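Engineer: Submitted below is the structure of interest, expressed as structure tokens.
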Amino acid sequence: MSDNFSDLSVVIVTYKTDLNILEKCLSSIDPSIKVFIIENSSKFINENQILNNYKNVSIFCTGTNLGYAKGNNYGLKIINTNYALILNPDIVCESNYFKNIKDYLSNNIDFCIIGSQYLDNQIYKPAGFFNSNLNLNDAIKLKDYNLYEVDWVVGCSILLNLKKFKTSNIFDENFFLFFEEFDLCKKLKTNKEKVYSSSNLIVDHSGFKSSTLVKNEIDLIKLRNWHFMWSYFYYHKKNDGYFYALRNILSRLVRSFLKFVFFTIFFNNKKRVKYLYRLLGLYNSILGKESSFRIKN
């Protein structure tokens, strides 16, 4: 297969990822494909073991935690192929994944992004439409390739046709966590570009296992909820305008405040922290501040 994949690179952004989780991901990738691990810190702890066991892997350390958007942009600047497969490290590709992806590389298919679908039904949808009344049953299908034209795909496993992009800064680096792929897909659809979801590209996604550094549950609650609300408001402000975003967020703001008060009164600390950090993330985003919140080691 090696000559078939000479124009494809895999980019995996890690942040002190558990070795066992990362090795499952790497073992599911065709060994003839070049893999670029972008470690969002100053040192990749298991470097020797990974490089000895996976000859197709190169490791680059960014020196600091750049997040998903900057980390992937960092990797896309390094590679020199026309196609890039972005994988989260907690992804395991199904056995026929790379046999199937070859069809999208070797045939003249007009696409910017092709997203994967999940091995099992999960809470989160792998693709969809900005119009919430539509679903995959409404998608236009390329029957020969099992591709469904959609508005957005999740960012855990996406194939990028880099020939369609004028810059390697593909993702908006203002995002640190959440909504990066939605923002990219929104831009592409506005420009009448093609975004597909493939039922031939199947992955098993563990979910929220890309990093094991944040082991404290309360810290994890803080990180997720702060950035979810920051990114939610920023995404709508960027794509729909500030006042639309403000109007759209108002009900979430009120609910978060009331729930924060409620769970404070009834001493439910996890829920109290959840809604407090939703409020803090939203507050910072409304004021136009950077997505700067991090968990200190």
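Throughout, read-outs are computed from the coordinates displayed, never taken from laboratory work. Keep in mind that this is a model prediction, so the values were computed, not measured. We place every Cβ from the backbone using ideal geometry, glycine too, and count neighbours over all the protein chains shown.
Engineer: To the nearest 20 Debye, how big is the dipole of the chain about its Cα centre, given +1 on the beta carbon of each Lys and Arg and -1 on that of each Asp and Glu?
Structural biologist: 1280
Engineer: So how much slack lies between Lys166 and Lys143, counting 0.36 nm per residue of separation and subtracting their Cα-Cα distance, in nm?
Structural biologist: In short, 5.3 nm is gained.
Engineer: Also, quick follow-up: Using only helices, what value at 222 nm comes out for the chain when you add -39,500 (n - 2.57) per DSSP H run of length 4 or more and divide by the total residues, to the nearest 500 deg cm²/dmol?
Structural biologist: Working: 8 runs with 115 residues, N = 297.
Calculated mean residue ellipticity at 222 nm is -12500 deg cm²/dmol.
Engineer: Taking R0 as 25 Å, what FRET efficiency do you get between Asn135 and Glu193 from their Cβ-Cβ distance, rounded to the nearest 0.05?
Structural biologist: Details: r = 21 Å, r/R0 = 0.85.
Result of the calculation: an efficiency of 0.75.
Engineer: Suppose R0 equals 51 Å; then what is the FRET efficiency for Ser32 and Asn216 from their Cβ-Cβ distance, rounded to the nearest 0.05? Intermediate results must be reported in sequence, preceding the final value.
Structural biologist: Details: r = 40 Å, r/R0 = 0.79.
With a Förster radius of 51 Å, E is 0.80.
Engineer: Of all trypsin sites (Lys or Arg not before Pro) in the range 103-176, which ones are in loop regions per DSSP and have a Cβ with at most 15 other Cβ atoms within 10 Å?
Structural biologist: Those that pass, being in a loop and sparsely packed, are Lys143, Lys166.
Engineer: Once you charge only the Cβ atoms, +1 for Lys and Arg and -1 for Asp and Glu, what is the size of the charge dipole of the range 217-286 about its Cα centre, to the nearest 20 debye?
Structural biologist: Working: 13 positive and 3 negative charges, 30 e Å.
The dipole magnitude comes to about 140 debye.
Engineer: Please list, by residue number, every one of the chymotrypsin sites (Phe, Trp or Tyr not before Pro) in the range 210-271 that is coil in DSSP and has at most 16 other beta-carbon atoms within 10 Å.
Structural biologist: Working: sites: Trp226, Phe228, Trp230, Tyr232, Phe233, Tyr234, Tyr235, Tyr242, Phe243, Tyr244, Phe257, Phe260, Phe262, Phe263, Phe266, Phe267; in loops: Phe266, Phe267.
Sites meeting the loop and neighbour criteria: Phe266, Phe267.
Engineer: For the chain, what does the equivalent ellipsoid look like in terms of its semi-axes, each the square root of 5 times an eigenvalue of the Cα gyration tensor, given largest first in whole Å?
Structural biologist: On the way: eigenvalues 208, 117, 58 Å².
Over the Cα atoms of the chain, the ellipsoid semi-axes are 32, 24, 17 Å.
Engineer: Compute the orientation-averaged projected area for the range 6-79 from the convex hull of its Cα atoms and round it to one decimal in nm². Write down the numbers at each step before the final one.
Structural biologist: Details: hull surface 18.1 nm².
Seen from a random direction, the Cα hull of the range 6-79 projects 4.5 nm² on average.
Engineer: Find how much the distance from Asn80 to Phe267 grows on full extension, using 0.36 nm per residue of separation minus their present alpha carbon separation; answer in nm with one decimal. Show your work: numbers first, answer last.
Structural biologist: Values: separation 187, 0.36 × 187 = 67.32 nm, distance 5.42 nm.
Length gained between Asn80 and Phe267: 61.9 nm.
Engineer: For the range 217-286, report the translational diffusion coefficient in µm²/s to the nearest whole number, using Stokes-Einstein at 25 °C, 0.890 mPa s, and a Kirkwood Rh over Cα pairs.
Structural biologist: Here the translational diffusion coefficient equals 203 µm²/s.
Engineer: With angles folded into 0 to 90 degrees, how steeply does helix 67-78 sit against the dominant principal axis of the chain? Use alpha carbons for both and round to 10.
Structural biologist: Long axis of 67-78 versus the principal axis of the chain: about 30 degrees.
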